[in-house]
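The values are calculated or read from the model by the stated rules, or taken from the named source; none is laboratory data. Small disclaimer: the values here were computed from a predicted structure and weren't measured. As a convention, Cβ positions derive from the backbone with ideal geometry for all residues, glycine included, and neighbour counts pool all protein chains shown. We work out accessible area using only protein heavy atoms, side chains counted, and drop any ligands, DNA or RNA first. Shrake-Rupley method; radii C 1.70, N 1.55, O 1.52, S 1.80 Å.
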Amino acid sequence: MNQAMDQERVTQKYPTIERKPLTLTINGEKIGPIEVPITMLMIDFLHEYLDLTGTHFGCGQGVCHACTVMVLHDDGSKSESRTCVFGAHYFSGKNIVTIEGHAKEQEGKLVLTPIQQAFIDNFSFQCGYCAPGFVAGATVFLDQLNRTPVKRAHLEKAIEDALNDHICRCTGYVRYYEAIRDVALATPGCVID
Ligand code: FES
Ligand code: FES
């Protein structure tokens, strides 16, 4: 990510807007301090400064959750956050993962996470517009299941409750939920009898 070049580009685009320094971690990489407009939304910061365009802008009103990223906390837990309603500076000092940071390169190959692979195996998405948000949401849900397992009989409802806010206009959710169920059942410690 060429911050110097991108900062210059954004300064030219928004020459009169008040800025302040922002520092945070994105996909394991420390970003900043970098001068960012105080009113800039996080999704615009990701797109305009860092060229991380995999986070999708859907409703822009905090409803569809297409713009969701994952936040990593110091205690090892994860949570979701929308980037269309929170400013870039809201994430100051935080450690986030965008859709570009989920898969990891191993021996020259990109290895998908179990959730990403399950979404592909189950044909969970069609246009894919909602997929980055579902990956974040499902990954956070699995992290919570690891900490607080649910009974097998309650798994379907737990998935629905956890992903309920994520809107998909194409597939009707069933294949997303089936994929998440498959990963939960295959992950030791997530589901109890
Ligand atoms: S684009 Fe952020 S919630 Fe819809
Ligand atoms: S796959 Fe198109 S909106 Fe979900």
Mind checking the dipole of the range 112-193: about its Cα centre, +1 per Lys or Arg Cβ, -1 per Asp or Glu Cβ, Debye to the nearest 20?
-> 20
Accessible-area value, ASP44, 1.4 Å probe, nucleic acids and ligands omitted, Å² | 60
Low-density loop cleavage sites - chymotrypsin sites (Phe, Trp or Tyr not before Pro) in the range 80-174, where at most 15 other Cβ are within 10 Å (DSSP) | PHE123
Per its Cα gyration tensor (rounded if a/c is under 1.5, else prolate when a/b beats b/c, else oblate), the range 107-193 is best filed as oblate
Taking only Cα atoms, what is the 0 to 90° angle, nearest 10, from helix 131-147's long axis to the longest principal axis of the chain?
-> 60
Rounded to whole Å², per residue accessible area for the chain with a 1.4 Å probe reads 53
Which values of log₁₀ I(q)/I(0), to two decimal places, follow from the Debye formula for the range 1-108 at q = 0.09, 0.15, 0.20 Å⁻¹ with a uniform point scatterer at every Cα?
-> -0.22, -0.62, -1.08
Quick one: angle between helix 174-186 and the longest Cα principal axis of the chain, in degrees between 0 and 90, rounded to 10, please.
-> 70
Hand me the trypsin sites (Lys or Arg not before Pro) from the range 145-193 located in a DSSP loop with no more than 16 other Cβ atoms within 10 Å, in residue order please.
-> ARG169
For the range 56-112, build the charge dipole from Cβ charges (+1 Lys, Arg; -1 Asp, Glu) around the Cα centre, then report which of HIS89, CYS64, GLY101 sits farthest towards its positive end.
-> CYS64
Keeping every protein chain in place, order LEU145, LEU185 by accessible area at 1.4 Å, biggest value first, i.e. largest first.
-> LEU185, LEU145
Lone Cys, the chain, Cβ cut-off 4.7 Å -> CYS127, CYS170, CYS190
Take the solvent-accessible surface of the protein heavy atoms, probe 1.4 Å, and return the percent of it on the range 61-153 that carbon and sulfur atoms account for.
-> 52
Rounding to the nearest 20 debye, state how big the charge dipole of the chain is about its Cα centre with +1 on each Lys and Arg Cβ and -1 on each Asp and Glu Cβ.
-> 200
Given Cα pairs under 8 Å that are at least 6 residues apart, what percent is the relative contact order of the chain?
-> 20
Decide, for the chain, between rounded, prolate and oblate: order the square roots of the alpha carbon gyration tensor eigenvalues as a ≥ b ≥ c, take rounded if a/c falls under 1.5, and otherwise choose prolate if a/b is larger than b/c, else oblate.
-> prolate
